[in-house]
Amino acid sequence: GAVVSQHPSWVICKSGTSVKIECRSLDFQATTMFWYRQFPKQSLMLMATSNEGSKATYEQGVEKDKFLINHASLTLSTLTVTSAHPEDSSFYICSATYLLAGSHNEQFFGPGTRLTVL
Amino acid sequence: RKEVEQDPGPFNVPEGATVAFNCTYSNSASQSFFWYRQDCRKEPKLLMSVYSSGNEDGRFTAQLNRASQYISLLIRDSKLSDSATYLCVVNATFGNEKLTFGTGTRLTIIP
């Protein structure tokens, strides 16, 4: 099956610093990548949809200037949490999909990045 | 009303028993439906897609009722390894990959 990796798997940082999370599709070229956030005992919430070479589409309530997404290639998307604060502590998960005409495309999820902001 | 609603549980079920979860969705135009499984502190993994005709994969059976806008998952002969959180997931628009996740139902299989 398709494999998606994330790096780092966990990170602890001080309040006010920026953190970059990488999402890579290892064995396929992803037409679209998604960034989710999951707080404890809550559902995955979509933050943004990212397509290679174009600006990300952010969900309502997600600050695009705080959560910077760069999708430089068909295999790499990055999420940068700028000026992180304790309330940004969460489990960040990316997923990737490739286009199969005429069908819904399975999203392949990365293993997630656990961010703790002190 | 939430787009996708699930009973959060927890469901504590003895090994070998049958357990069923339901999920309701609010958007009648929803196109695709899935059950995902998520283990503690891990990413979700696709368990199975759900079709109108119902579908079965081993011990797992999924059903979709479009008229009532609910989806079900049945697990037979439950195993200890089935302990996880089961996420009901809906895709609203065909060709749009955006998925909406329920909060999940936590299942613990008891030896």
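Does at least one position in region A:69-89 carry a residue that is within 14 Å of chain B (Cβ to nearest Cβ), touching a strand residue (DSSP E or B) at 6+ places or on another chain (Cβ under 7 Å) and among the hydrophobic types (A, V, I, L, M, F, W, C)? Checking region A:69-89: not a single residue is within 14 Å of chain B (Cβ to nearest Cβ), touching a strand residue (DSSP E or B) at 6+ places or on another chain (Cβ under 7 Å) and among the hydrophobic types (A, V, I, L, M, F, W, C).
Evaluate region A:61-73: report whether one residue or more is open to solvent by 50 Å² or more (accessible area, probe 1.4 Å), assigned to a loop (DSSP other than H, G, I, E, B) and free of Cβ contacts under 8 Å to residues at least 12 places away in the same chain. Step through it out loud before you land on a result.
Taking region A:61-73 first, the residues open to solvent by 50 Å² or more (accessible area, probe 1.4 Å) are A:61, A:63-65, A:68, A:70, A:72.
Remaining after also requiring assigned to a loop (DSSP other than H, G, I, E, B): A:61, A:63-65.
From what is left, the residues that are free of Cβ contacts under 8 Å to residues at least 12 places away in the same chain are A:61, A:63.
Taking every residue of region A:61-73 in turn, at least one turns out to be open to solvent by 50 Å² or more (accessible area, probe 1.4 Å), assigned to a loop (DSSP other than H, G, I, E, B) and free of Cβ contacts under 8 Å to residues at least 12 places away in the same chain.
Would it be correct to say that B:N65 is open to solvent by 20 Å² or more (accessible area, probe 1.4 Å) and either more than 14 Å from chain A (Cβ to nearest Cβ) or closer than 15 Å to B:S26 by Cα (or both)? Yes.
Table: residues versus (1) open to solvent by 70 Å² or more (accessible area, probe 1.4 Å); (2) touching a Ser or Thr at 6+ places or on another chain (Cβ under 6 Å); (3) in contact (Cβ under 8 Å) with a residue 40 or more places away in the chain.
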site: B:V4; (1), (2), (3): no, yes, yes
site: B:S26; (1), (2), (3): no, no, yes
site: B:D39; (1), (2), (3): no, no, yes
site: B:K45; (1), (2), (3): yes, no, no
site: B:S49; (1), (2), (3): no, no, no
site: B:N91; (1), (2), (3): no, yes, yes
site: B:L99; (1), (2), (3): no, no, yes
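Inclusion of B:S32 among residues that are of a type in the set (S, T, Y), open to solvent by less than 20 Å² (accessible area, probe 1.4 Å), more than 16 Å from A:M45 (Cα to Cα) and within 13 Å of the chain's Cα centre (by Cα) is warranted.
Quick one: would you say B:S53 is without any contact (Cβ under 8 Å) to a residue 40 or more places away in the chain and not in a loop (DSSP other than H, G, I, E, B)? Break it down into steps so the answer makes sense when it comes.
Values: without any contact (Cβ under 8 Å) to a residue 40 or more places away in the chain: yes; not in a loop (DSSP other than H, G, I, E, B): no.
Spelling it out, it is not the case that B:S53 is without any contact (Cβ under 8 Å) to a residue 40 or more places away in the chain and not in a loop (DSSP other than H, G, I, E, B).
State which residue is farthest from the other protein chains (Cβ to nearest Cβ) when the search covers only region A:1-51 and only residues that are more than 30 Å from B:Q6 (Cβ to Cβ) and open to solvent by 80 Å² or more (accessible area, probe 1.4 Å). It comes out as A:K14.
The values are calculated or read from the model by the stated rules, or taken from the named source; none is laboratory data. Not measured: the values here are computed from a predicted model. Note that each Cβ is placed from the backbone with ideal geometry, even for glycine, and that neighbours are counted across all protein chains shown. Ligands, DNA and RNA are stripped out before the accessible areas are found, and what is left, the full protein with its side chains, is counted by its heavy atoms. Shrake-Rupley method; radii C 1.70, N 1.55, O 1.52, S 1.80 Å.
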